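In what follows, a single structure is set out as structure tokens and then discussed.
The values are calculated or read from the model by the stated rules, or taken from the named source; none is laboratory data. Note that the structure is a prediction, hence the values are computed from the model and not measured. Cβ placement follows ideal geometry from the backbone for every residue including glycine, while neighbour counts extend to all protein chains displayed.
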């Protein structure tokens, strides 16, 4: 027997329609690429999204066509999110930080018919255009006054000219909720990037889950700033979840430095922000150097890579800002887990709370996870057993775009994340390593992440990575590659001594290499593959 409830489809267009209807006067504030601050409301955003949908229809964009974007977090990018998906086409957010060869591959593989670009990325588009045969025109996201005087792009359109002549009367089509809504490619650290095709259903369910109290806990009283780029897994879904609850939205543009972010947070009264650890380290350095405070910020989401426990402590103790450690990936839309305390943890000492908050957390409602051994057997949830992390849920990828690589699923339903993790009795998951980054020494596993967190707790270390280096007896041994904080000194012996008493003695790294900077991927993650190449011939003192 079937239930007798309405079969209303879960569509991206329903989110902005709701925001317009019930929170129409709420502000969207953007730092514009052209300079200055742009302000308008949800009502304005919805109106302009409908104008854009009309314009794209006249350009010949049809359902399932891919429309690319290379843009920062700004109001025009938000309009594209809703217009393209809402009309039944696919919004393909492109990470401009990738290598040009990767970008041209992605655009060609997606077969983007149009690509919308911020002024910042016109030179990059000029470099890519000769190699992107499917692109009919490049739409520059600015007004006529700021259009480039000269460009080598053959087919160029002005965004404001395009929508300015269109009606704001547009009726969002009633699509099947399983229709594709957006496309995002993995960062491609090994091989070509692979496309993950999200549906309207997965996107809406993800936004519902993310606003729950033990997740992002967003409400209409919040002022939300997604610092994570909108070209990185849909900015963790925040452009959808903020509108779903009617929160004021603050979009920082390309200004990711600590001073720019702090100024915007304070001037707009930001209460909630989301970003990767490298961004927050820059922000914390700024407020420490200037003696500034956070007068309105109450919560921050940290994801993208493991959050150093020292960062959590600094936010909590020095600035009274709660840190929510989260984990996810392109293939999980991205939200998989969040780390918040349970009622029984309320009276724990701060050190015990920090141990819990440093984990990636428990599965968001809708996600199921487990860890398995090399034979696929599920391992106990005891916080000790290490295994390959597997997940499933309604916003987890089923297959890659165009079937690249065949089905990634195990047992027909579990997605292998490529992470090695533990899960404790309370369901808290902790990433111990990427499967390709774990250090295998004498038949045992050593967590590079744990060693990195200890190194970064040293007051003179700005950033650290730990990799396995060949050893004639032990197969691999850990090497710390570290960046010192400006003006501070630390020796090899001092840093290695810092590990004493914090880990098993045999886990202690064999050596330290100090460098000026560490390589990162286009999404801000440590590029350990490059480090392993750079240190492939490194001879450890113990070898």
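Annotation note: of 268, 331, the sole residue that is out of contact with any helix residue (DSSP H, G or I) (no Cβ under 7 Å at 6 or more places or on another chain) and closer than 22 Å to residue 427 by Cα is 331. Considering each residue of the stretch 280-305, count those that are surrounded by fewer than 22 Cβ atoms within 10 Å (Cβ to Cβ) and assigned to a helix (DSSP H, G or I), and give that number. The total comes to 9. Of all residues in the stretch 204-214, those satisfying the criterion of being closer than 14 Å to residue 335 by Cα and over 15 Å from the mean Cα position of the chain (by Cα) are 204, 205, 208, 209, 211, 212, 214.
Only one residue in 38, 46 is in a helix (DSSP H, G or I) and either under 17 Å from residue 168 (Cβ atoms) or without any contact (Cβ under 8 Å) to a residue 40 or more places away in the chain (or both). Which one? Even if it seems obvious, please write down each step before you answer.
Values: 38 fails: in a helix (DSSP H, G or I).
Going through 38, 46 in turn, just one is in a helix (DSSP H, G or I) and either under 17 Å from residue 168 (Cβ atoms) or without any contact (Cβ under 8 Å) to a residue 40 or more places away in the chain (or both): 46.
Determine which member of the set 62, 50, 58 is within 30 Å of residue 126 (Cα to Cα), over 20 Å from the mean Cα position of the chain (by Cα) and crowded, with 19+ Cβ neighbours inside 10 Å. Break it down into steps so the answer makes sense when it comes.
Details: 62 fails: crowded, with 19+ Cβ neighbours inside 10 Å; 58 fails: crowded, with 19+ Cβ neighbours inside 10 Å.
So the residue among 62, 50, 58 that is within 30 Å of residue 126 (Cα to Cα), over 20 Å from the mean Cα position of the chain (by Cα) and crowded, with 19+ Cβ neighbours inside 10 Å is 50.
Filtering 334, 308 for residues that are within 22 Å of residue 239 (Cβ to Cβ), buried (at least 21 other Cβ atoms within 10 Å of the Cβ) and touching a residue at least 24 places away in the same chain (Cβ under 8 Å) leaves a single hit, 334.
Just one of the numbered conditions (1) farther than 20 Å from residue 532 by Cα; (2) in contact with a strand residue (DSSP E or B) (Cβ under 8 Å, 6 or more places away or on another chain) is not true of residue 437: (1). Count of the stretch 91-130 residues, restricted to those that are surrounded by fewer than 15 Cβ atoms within 10 Å (Cβ to Cβ) and closer than 19 Å to residue 191 by Cα, is 3.
Out of curiosity, is residue 21 buried (at least 21 other Cβ atoms within 10 Å of the Cβ) and either at pLDDT 95 or above or more than 20 Å from residue 167 (Cα to Cα) (or both)? So that I can check it myself, show each step before the final result.
Values: buried (at least 21 other Cβ atoms within 10 Å of the Cβ): no; either at pLDDT 95 or above or more than 20 Å from residue 167 (Cα to Cα) (or both): yes.
Here the answer is no, as residue 21 does not meet what is asked.
Residues satisfying the criterion are present in the stretch 512-527 (criterion: part of a strand (DSSP E or B), closer than 30 Å to residue 235 by Cα and touching a strand residue (DSSP E or B) at 6+ places or on another chain (Cβ under 8 Å)).
When you scan the stretch 83-164 for helices (runs of 4 or more DSSP H) that lie fully inside it, which ones turn up with 3 or more residues that are under 18 Å from residue 51 (Cβ atoms)? Even if it seems obvious, please write down each step before you answer.
Numbers: elements: 100-110, 122-128, 159-164.
Answer list for the stretch 83-164: 159-164.
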